[in-house]
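The block underneath contains the structure these notes are about, expressed in structure tokens.
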Amino acid sequence: MKLPDLSKLKPAPKASSRARPQVKVPAPVEDIYRDMRDRRLLLPVLALVIAIIAVPVALSASREEPPEPAAFVIPAGGEEVAPAVLADSQLGVRDYRDRLEELKSKNPFKQRFLPTAAEIVEATELTETPTAPSSEPVNAPAPAPAPSSDPPPASGSKSSSPTPTTQDEPERERVTVVLAPRIDVMAGPAGATREMNNQEFGDLIPSKKQAPVAMFIGVSENLKSAHFAISDGVTDTKGDGACRPKPSDCEFLKLGLGKRRSFFYEPNATRYVIKIKAIREVVIERRKSTVK
């Protein structure tokens, strides 16, 4: 009987009492660990991590509660003024919407070139107060005092002075006159201008339908110049007067008495001329009232 060769047999592995899971560390973490170990930085990093965790805990534990605010005590004799003081001490943050609304109400670029009808009447209102004729002659003597029916005062008694009587003043008539400016111009195509008299506020010169080059909007206080709003169709203007906001962008024109200015109107490719002949004020309404 042939026996087996025992030298070729391998011992069986020992079974571990507890099965340990194989945890594979990621390569980047392992590289960092080895690098920190070679540089001897493991202990400093560990201390830093412990400090990051411990410092906030220590600060939160040592924080003390703030003391309660002291109650306001009204001093003796100050009961009457205490409500006013407390009202002034209540401060707060202003709502941003209120500030924005206040800024919107103050618009420095709002145009005020065209006056309203009420402003025209108020600016041109003139009051005439004629003197009422007197009912008594100028050189008439003063009337003699009427005899008193009261008995004369007894001797030794004090006499009282008579109380002067006031007469009602006569009523007078007041006439309120409303004035409005008017201008006379020579306007039309260059070389073919015509007279246009009694131009009022808002009139278009020289023609309302064909060529509304300029609109009459007012006069100066001394009646020496007229003001016009220039049409958007005007692409070029030259001559007398002053343009606003600038000479190359003429939106508003101030043209003096006897002055002349030309305008190139793009819609019909024609040059027009406006010359001021006269500036005046006319009475458009009279209002009568009585005053004392």
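Among ALA269, ALA278, which is surrounded by fewer than 12 Cβ atoms within 10 Å (Cβ to Cβ) and modelled with pLDDT of 90 or more?
It is ALA269.
Conditions tested, residue by residue: (1) within 57 Å of the chain's Cα centre (by Cα); (2) modelled with pLDDT of 70 or more.
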| site | (1), (2) |
| --- | --- |
| SER7 | no, no |
| PRO28 | no, yes |
| ASP35 | no, yes |
| GLU65 | yes, no |
| VAL73 | yes, no |
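Can you tell me how many residues within the stretch 201-226 are in contact with a strand residue (DSSP E or B) (Cβ under 6 Å, 6 or more places away or on another chain) and free of Cβ contacts under 8 Å to residues at least 40 places away in the same chain?
Within the stretch 201-226, residues that are in contact with a strand residue (DSSP E or B) (Cβ under 6 Å, 6 or more places away or on another chain) and free of Cβ contacts under 8 Å to residues at least 40 places away in the same chain number 5.
Exactly one of (1) exposed (fewer than 13 other Cβ atoms within 10 Å of the Cβ); (2) in a strand (DSSP E or B) is unmet by LYS238. Its number?
(1)
The rows are residues; the columns are (1) within 32 Å of the chain's Cα centre (by Cα); (2) within 24 Å of GLY258 (Cβ to Cβ); (3) β-branched (Val, Ile, Thr).
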position	(1), (2), (3)
THR176	no, no, yes
PRO181	yes, yes, no
ALA187	no, yes, no
GLY202	yes, yes, no
PHE216	yes, yes, no
LYS224	no, yes, no
HIS227	yes, yes, no
ASP232	yes, no, no
LYS238	no, yes, no
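Specify which of the listed residues (GLU251, GLU221, GLU200, GLU195) is in contact with a Lys or Arg (Cβ under 7 Å, 6 or more places away or on another chain), in the same structural domain as ALA269 (by TED's automatic domain parsing), surrounded by fewer than 17 Cβ atoms within 10 Å (Cβ to Cβ) and closer than 18 Å to ARG280 by Cβ.
GLU200
The values are calculated or read from the model by the stated rules, or taken from the named source; none is laboratory data. On a predicted model such as this, the values are computed, not experimentally measured, just so you know. Note that we place each Cβ from the backbone using ideal geometry, even for glycine, and neighbour counts take in every protein chain shown.
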